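Read the figures in this text as sums done on the coordinates, not as results from a lab. Since this is a predicted model, take the numbers as computed values, not measurements. Here the Cβ positions follow ideal geometry from the backbone for every residue, glycine too, while neighbour counts run over all protein chains shown.
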Amino acid sequence: MTDRPDLPEAVGDRLRALALRLVDQQAARVLIPPQEASPGHWFGGGNLIQHGSDFVLVGRYRNAGDSRTGLAAGARGLELAILAAERFTGPYDKIASFAKQDLATDLGRVLSIEGAHLHPADRGLELFVSSEKDQPYPEPVRDFQKPGTGVWSIDVLQAQSLDGLPKTEARTALASDAPASLHLKDPVFVGLADGKEALLYCSQPYTWASSNTGLALREGPADPWRGTDETVLGRGPAWDVAVTRITDRLRLPRVGVLRDLPEVCLYFYDGAECVRAQEQNPRAKRRARGYSCEEIGGLAWGYTEAFPRMARLSMDAPLFVSPHGTGCSRYVSTLATGEAVYATWQQSQPDGSQALVGHALTMEEVERLLG
């Protein structure tokens, strides 16, 4: 957005330092491994909540497969899973599972399960899940659709309890037939101060050439979602010029350098310079640039009361790059409690797979980092 908030430089430095300590690439430990320790196999793309006394994770198991050649070429988005543990570090037990056929809607059968978000609502639980469905492209771009591929959209399941979610039918929450923002996925629920509710999501055009962050609003839990803004945080100027996908909002305590400011939020986002692998000059310094389905991490900030106004804190380079494999580090999710701030994210491993990893800071550490 062009109307961006202002932030003293020293405060921005503190926010970057806090985020780097929270999403610590070296100190993170594996929470959920993928089903196979090899390239193309992932677990992640979801979020972390506290439900009762348990830590509860939602994410998808993704196995090798490539939508550019048709989803029949591999298993790809295979299973959506909900896992729970008594401690943040685990061990986590699977308490619910959804296969592709479990998530079909009137829009079509599911070809690939994508990102999801679990939200504790006043009337139970809402599980937002995105998937690629067996749908034709709209006219006049139908001839551009590759065989075996479909269209992404976002659905919601509602239940009173976690074990009730698998017994609930998915219904469409957000879908599009606009060629410029045809594919919608990776929902992130955001509660607003005025009682309204927001859903951030990733959109891509029919060409699959880029990713953007859009915004939908609803007046209350019983109301429909309505898209309001297709560019909440525009694509960046350098390393994130092709991809900007917000995956999390973290509300910060008003302490230290934030004491005299309105409440500040951090927004973690995935970025990439390109959506296909590109060669780098062997004589120049190699840089993390991101690849299709191999994004790296950035950071933005905004005042809670001014949502969705926000501005980047990672203008010229990413902040979060895995020290392993492709460097991929994405889908950050945070959970703030009275004791600590917990973070999970999908991180490239030495074997080429991507596991869900986690790290936490006590609230004392958070306050110290904020000065």
Would you work out the charge dipole size for the range 10-369 about its Cα centre, treating the Cβ of every Lys and Arg as +1 and the Cβ of every Asp and Glu as -1, and quote it to the nearest 20 debye? 880 debye
What lysines does LYS100 reach when the alpha-carbon gap must be under 24 Å and sequence neighbours fewer than 8 apart in one chain are set aside? LYS133, LYS146, LYS167, LYS185
Ordered by fewest other Cβ atoms within 10 Å, a rough proxy for footprinting exposure, THR344, THR207 read THR207, THR344
Ranked by GNM mean-square fluctuation in the chain (Cα springs under 10 Å), the top entry among GLU139, GLU114, GLU230 is GLU139
Projected-area average for the range 273-369 over all orientations - Cα convex hull basis, square nanometres: 8.3 nm²
Which residue fluctuates the most in the chain, going by a Gaussian network model with Cα springs under 10 Å, if the choices are GLY108, GLY195, GLY290? GLY195
With a 10 Å radius around each residue's Cβ, average the other Cβ atoms per peptide and rank 25-32, 154-161, highest first. 154-161, 25-32
Based on the Kirkwood radius over alpha-carbon pairs, what value in µm²/s does the Stokes-Einstein equation return for the translational diffusion coefficient of the range 187-250 at 10 °C and 1.306 mPa s? 127 µm²/s
Short version: ³J(HN,Hα) in whole Hz for each residue of the range 231-243, in order, from phi by Karplus 6.51 cos²θ - 1.76 cosθ + 1.60 (θ = phi - 60°), x for Gly and Pro, what are they? 9, 5, 10, x, 4, x, x, 9, 5, 10, 6, 9, 9
Extended-chain gain in nm, criterion 0.36 nm per residue less alpha-carbon gap, ARG286 and THR105: 60.7 nm
Volume per residue of the C-alpha convex hull in the range 10-369, rounded to whole Å³: 136 Å³
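For a quick check: sort MET363, MET310, MET315 by the number of other beta carbons within 10 angstrom, fewest at the front.
Final ranking by Cβ density, sparse to dense: MET315, MET363, MET310.
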Efficiency of FRET between ARG171 and GLN145 - r from beta-carbon atoms, R0 30 angstrom, step 0.05: 0.75
Measure off 7 Å from each Cα along the Cα-to-Cβ vector at ALA317 and GLU339, then give the distance between these two points in nanometres to one decimal. 3.7 nm
What are the trypsin sites (Lys or Arg not before Pro) within the range 283-342 that DSSP puts in a loop, where the Cβ has at most 11 other Cβ atoms within 10 Å? ARG283, LYS285, ARG286
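Two decimals, Cα atoms only, Kirkwood Rh: what is Rg/Rh over the range 48-179?
1.02
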For the pair ALA85 and ALA121, how long in nm is the line joining their label points, each one 7 Å along Cα→Cβ? 2.9 nm
Per DSSP H run of n ≥ 4, the term is -39500 (n - 2.57); total these for the chain, divide by its residue number, and report the mean residue ellipticity at 222 nm rounded to 500 deg cm²/dmol. -1500 deg cm²/dmol
Test of understanding: ordering VAL151, VAL255 by Cβ neighbours within 10 Å, fewest first, what list do you get? VAL255, VAL151
Between ASP194 and THR207, what is 0.36 nm times their sequence separation minus the Cα-Cα distance? Round to one decimal in nm. 1.0 nm
Once the principal axes of the Cα atoms of the range 184-300 are found, what is the range along each, listed largest first in whole angstroms? 54, 42, 18
Under 16 Å from the Cα of LYS94, which aspartates and glutamates turn up, not counting those fewer than eight places away in the same chain? ASP54, GLU79, GLU86, ASP163
When the Kirkwood hydrodynamic radius is evaluated over all pairs of different C-alpha atoms of the range 91-134, what value in angstrom, to one decimal, is obtained? 11.9 Å
